[in-house]
Amino acid sequence: MKKIAIITSGGDAPGMNAAITAVVKAAARRGIECIGIKRGFNGLLTISDDNQKDLQRFDLETVLDNADRPGTQLRTARCDDFRKPEFQKKGADTLRKLGVDAVVVIGGDGSFQGALRLVEQGIPCVGIPGTIDNDLAFTEMTLGYETAVQVCTEAIRDIRATSRSHNRPHVVECMGRHCGDIALKAACATGAEIVLVPEVKWDIETVAQRLCYQIRKENPRATIVIAEGCWDSMMPFDAYSYLNPRGKKFREDDKMNASFLASILQRKCIDILGLNEGSPTRYHDEGDELAVRSTVVGYTQRGRMPVAKDSAFAFEAGHLAVSLLCKGYTGQVIGTRHGRVFHMDMADALKEKRTFRHDLYDLVNDIRD
């Protein structure tokens, strides 16, 4: 083992740079050279003969100052072409041309699929899970997840302070296209009253009734935490026909988002609470207007310096990845179980099915006294 390549692929996640640093440090102890492939598998397929701009030459001087930095110093990109056998062969041939003996791939499900294709082409690979969504079933946590939850928790706490000051309910959108773990954990951590996720079917009317319950219980600053992919599990609702006659412009080709949900809930609650009779929008003894606001937390979840748990996992994972490759292992992926770092076959890991904490979801959404 003389040279290891590192690839970060898919969405960037806090802790990726920490994992790169750990791999380089562990390799340096064994006299192994490390290079980084910029822009993921897409970059691997487009490396030019003058490859200085396409590769990152690593040593301890170049990585130690980057360990705590967010994002990935190797950049990242998605690559649909790598699904095709001819491009998989091209990628493997490029690695051999560069003198690479093995690859550490840091990313999510799609990145590990790419790693498996390299293994099939005879390139040893080990995977480190890097995705803020925490959507890999074989591991208890993925790089960036704990940081993303912390960012959302802080944002929700700040928002609830202002919501309390103005007696305004608030819709807060967290990341999570197919996985609601960030939204659920942040909702649990902040005492949010409602959470909506891709894993559970929901409908507008029920959410509006839950919000009205909170308002009647003298809680006019309730928080609705939603995952960005929750629209996939929303029951059909004609937002166009509902919003336009009520003064909110919604085109037939518009997609639902946090802002539109807030507008719908505001108008639904006005109807349910009977505020159209005499006093159109006043709903509180102090004369406050019923106004539901929304915030999308967005890229701040990805761009934060990693919290200690993510950085510590990155350090252990990078060390283990190099150790596995030096012992001749390939097609392995690293994760955590019961708080301990472990490794298993990558193909088997990707077959595992996620479980969702329905008990916590139900508890957040429970409106009983």
- Task: With springs connecting C-alpha atoms under 10 Å apart, model the chain as a Gaussian network and identify which of 119, 200, 63 has the largest mean-square fluctuation.
- Result: 200
- Once the Cα atoms of helix 109-120 and of the chain are each reduced to a long axis, what angle between those two axes, in degrees from 0 to 90 to the nearest 10, is obtained? 20 degrees
- Karplus-derived HN-Hα couplings along segment 340-354 (A = 6.51, B = -1.76, C = 1.60, θ = phi - 60°), whole Hz, x at Gly and Pro: 10, 6, 9, 9, 7, 4, 5, 4, 5, 4, 6, 7, 5, 9, 5
- Task: Set the Förster distance to 45 Å, then compute FRET efficiency between residue 237 and residue 164 from the Cβ-Cβ distance, nearest 0.05.
- Result: 0.95
- If 75, 57 are placed from fewest to most neighbouring beta carbons inside 10 Å, the sequence is 57, 75
- Can you give the angle from 0 to 90° between the axis of helix 16-29 and the longest principal axis of the chain, with both taken from C-alpha atoms, to the nearest 10? 20 degrees
- Item | lysines whose Cα lies under 29 Å from that of residue 249, excluding same-chain neighbours fewer than 8 positions away | 201, 268
- Task: Indicate, rounded to the nearest 5 percent, the antiparallel portion of the DSSP beta bridges found entirely in segment 146-302.
- Result: 5 percent
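Compute the length gained on full extension between residue 271 and residue 323: take 0.36 nm times their separation in residues and subtract their Cα-Cα distance, giving the result in nm to one decimal.
12.4 nm
If each DSSP helix of 4+ residues adds -39,500 (n - 2.57) and the sum is divided by the residues in the chain, what number results at 222 nm, nearest 500 deg cm²/dmol?
The helix-only estimate for the chain comes to -12000 deg cm²/dmol at 222 nm.
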- Using Cα pairs closer than 8 Å and at least 6 residues apart in sequence, work out the relative contact order for segment 75-193, in percent. 18 percent
- Message: Between residue 52 and residue 255, how high is the FRET efficiency from 1/(1 + (r/R0)^6) when r is the Cβ-Cβ distance and R₀ = 35 Å? Nearest 0.05.
- Response: 0.25
- Query: Which of 247, 103, 227 sits closest to the plus end of the dipole of the chain, meaning its Cα is farthest towards the positive end, when Lys and Arg get +1 and Asp and Glu get -1 on the C-beta?
  - Reply: 103
- Message: Could you identify which residue out of 226, 334, 270 has the top mean-square fluctuation in a GNM of the chain using Cα springs shorter than 10 Å?
- Response: 270
- Item | Test item: Cα-centred dipole of segment 146-302, Lys/Arg +1 and Asp/Glu -1 on Cβ, debye | 200 debye
- If amide H atoms are built 1.01 Å from N in the plane of the peptide, which residues on other chains or at least 5 residues away come under 5 Å of the amide H of residue 199? 180
- Item | Links that overshoot a 30 Å alpha carbon limit, given the list 53/84; 53/327; 3/84; 84/353; 38/327; 53/185 | 53/327; 53/185
- Task: Quick one: which residues, 5+ away or cross-chain, put their amide H under 5 Å from the amide H of residue 125? H built at 1.01 Å from N.
- Result: 103, 331, 332
- Task: Quick one: dipole size for segment 43-175, taken about the Cα centre, charges +1 on Lys/Arg Cβ and -1 on Asp/Glu Cβ, in debye to the nearest 20.
- Result: 340 debye
- Which one of 310, 49, 109 has the biggest mean-square fluctuation once the chain is modelled by GNM with Cα springs under 10 Å? 49
- Tell me, what HN-Hα J-couplings in whole Hz come from the Karplus equation 6.51 cos²θ - 1.76 cosθ + 1.60 at θ = phi - 60° for each residue of segment 131-136, using x for Gly and Pro? 7, 5, 5, 6, 9, 9
- Note on the structure: Computed for the chain: size of charge dipole around the Cα centre, +1 on C-beta of each Lys and Arg, -1 on C-beta of each Asp and Glu, debye to nearest 20, value 720 debye
- Relative contact order in percent for the chain (Cα pairs under 8 Å, 6+ apart) equals 23 percent
- Can you tell me the 0 to 90 degree angle between the C-alpha axis of helix 85-97 and the longest principal axis of the chain, rounded to 10? 50 degrees
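Which of the three applies to segment 146-302, rounded, prolate or oblate, going by the alpha-carbon gyration tensor with a ≥ b ≥ c and a/c under 1.5 meaning rounded?
It is oblate, given that a/c is not under 1.5 and a/b is not larger than b/c.
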- Note on segment 150-225: alpha-carbon gyration tensor, axes a ≥ b ≥ c; rule is a/c under 1.5 for rounded, else prolate if a/b larger than b/c, else oblate; result oblate
- Message: In whole Hz and in residue order, list the ³J(HN,Hα) couplings for segment 149-155 that follow from phi through the Karplus curve 6.51 cos²θ - 1.76 cosθ + 1.60, θ = phi - 60°; x for Gly and Pro.
- Response: 4, 5, 4, 5, 4, 5, 5
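Bear in mind that the values in this text are calculations on the coordinates, not laboratory data. Note that this is a predicted model, so its numbers are computed, not measured. Using ideal geometry, Cβ is built from the backbone for each residue, glycine included, and neighbour counts are taken over all protein chains shown.
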